[in-house]
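These notes are about the structure you will find just below.
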Amino acid sequence: MTIVRRIARPLLAAQFVAGGVDQIRNPASRAETAKPVVAQLAGPLHLPDDPELLVRVNGAAMVGAGALLATGRLPRLSGLVLAATLLPTTYAGHRFWEEKDPTSRQQQKIQFLKNLGLLGGTLLASVDTEGRPGVAWRAQHAGRAAKRQAKHTHREARLAARQARREAQHAARRAGGRVGI
């Protein structure tokens, strides 16, 4: 792991771990904010209609994925989980378009944009292959290798069949008869 990754991952994860711990400990204030969004999404997504529980679950996912990202364990998966936890948090918690007060609207907009920046960071973390080939490249490479191997095996089979025909013809000639192969 490069020095940049060793520094950047914990820095990115810190916000999620701290926010997640706060969500687990004090879900009531966020549950009140999340209530309208939970009411909209609970039915279609088959989630429990308990905003406090969902805030705690979201916080636990943030703490777990943040800790994994900070330590470099499963960084792509943890980045994806953090991105998924950030979407409902941002949508429910920073609805600046509904604010009437200009100062409050501006503060919510700043928090909304900050979360979008964090979302960008988590998405980058979720696709970072650390210089190693990604899954798509490996799959394509394996496909090409399998195709080459199949072509090589086909050639070998054709040569073996020709050799077997020749040997059968030689054996037939030695036996005194002709075999039509």
### Query
Any idea which of Ile3, Pro88, Ala13 is furthest toward the positive side of the dipole for region 1-88, if Lys and Arg beta-carbons carry +1 and Asp and Glu beta-carbons -1?
Ile3
### Message
Can you tally the net charge around Arg73? Count Lys and Arg as +1, Asp and Glu as -1, for every other residue whose Cβ sits under 15 Å from the Cβ of Arg73.
### Response
+2
### From the coordinates shown, volume of the Cα convex hull per residue in Å³ corresponds to which of [x] 178; [y] 114; [z] 208
[z]
### Message
Output the 0 to 90 degree angle, nearest 10, between the alpha-carbon long axis of helix 102-127 and the longest principal axis computed from the alpha carbons of the chain.
### Response
20 degrees
### Prolate/oblate/rounded label for region 102-181 (Cα gyration tensor, a/c 1.5)
prolate
### Message
Net charge around Val21, counting only other residues with Cβ within less than 14 Å of its Cβ (Lys, Arg = +1; Asp, Glu = -1)?
### Response
+2
### Task
For region 1-140, give the magnitude of the charge dipole about the Cα centre (Cβ charges: +1 Lys/Arg, -1 Asp/Glu; no others), in debye to the nearest 20.
540 debye
### Query
Using a probe of 1.4 angstrom, how much of the accessible area of the chain is carbon and sulfur, in percent?
61 percent
## Note on the structure
Averaged per residue, the 1.4 Å probe accessible area of the chain, protein heavy atoms only, in Å², is roughly 67 Å²
### Query
If one takes the longest principal axis of the Cα atoms in the chain, at what angle in degrees, from 0 to 90 and to the nearest 10, does the Cα axis of helix 27-41 lie?
60 degrees
### Query
What is the packing order of peptides 21-31, 7-17, taking the mean over residues of other C-beta atoms within 10 Å and listing the highest first?
7-17, 21-31
### Task
Please name whichever of Leu77, Thr103, Ala161 sits farthest to the positive end of the charge dipole of the chain, dipole taken about the Cα centre and charges placed at Cβ: Lys and Arg +1, Asp and Glu -1.
Ala161
#### Entry: Cα-based reach from Lys100 at 30 Å (exclusive), listing lysines while leaving out same-chain residues under 8 positions away
Lys35, Lys109, Lys114
### Task
Enter the angle in degrees (range 0 to 90, nearest 10) between the Cα long axis of helix 75-93 and the first principal axis of the Cα atoms of the chain, meaning the one along which they spread out most.
30 degrees
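The values are calculated or read from the model by the stated rules, or taken from the named source; none is laboratory data. Quick caveat: nothing in here was measured; it's all calculated off a predicted structure. Glycine gets a Cβ as well: all are built from the backbone with ideal geometry, and neighbour counts include every protein chain shown. Only protein heavy atoms, including side chains, enter the accessible area calculation; ligands, DNA and RNA are left aside. Shrake-Rupley method; radii C 1.70, N 1.55, O 1.52, S 1.80 Å.
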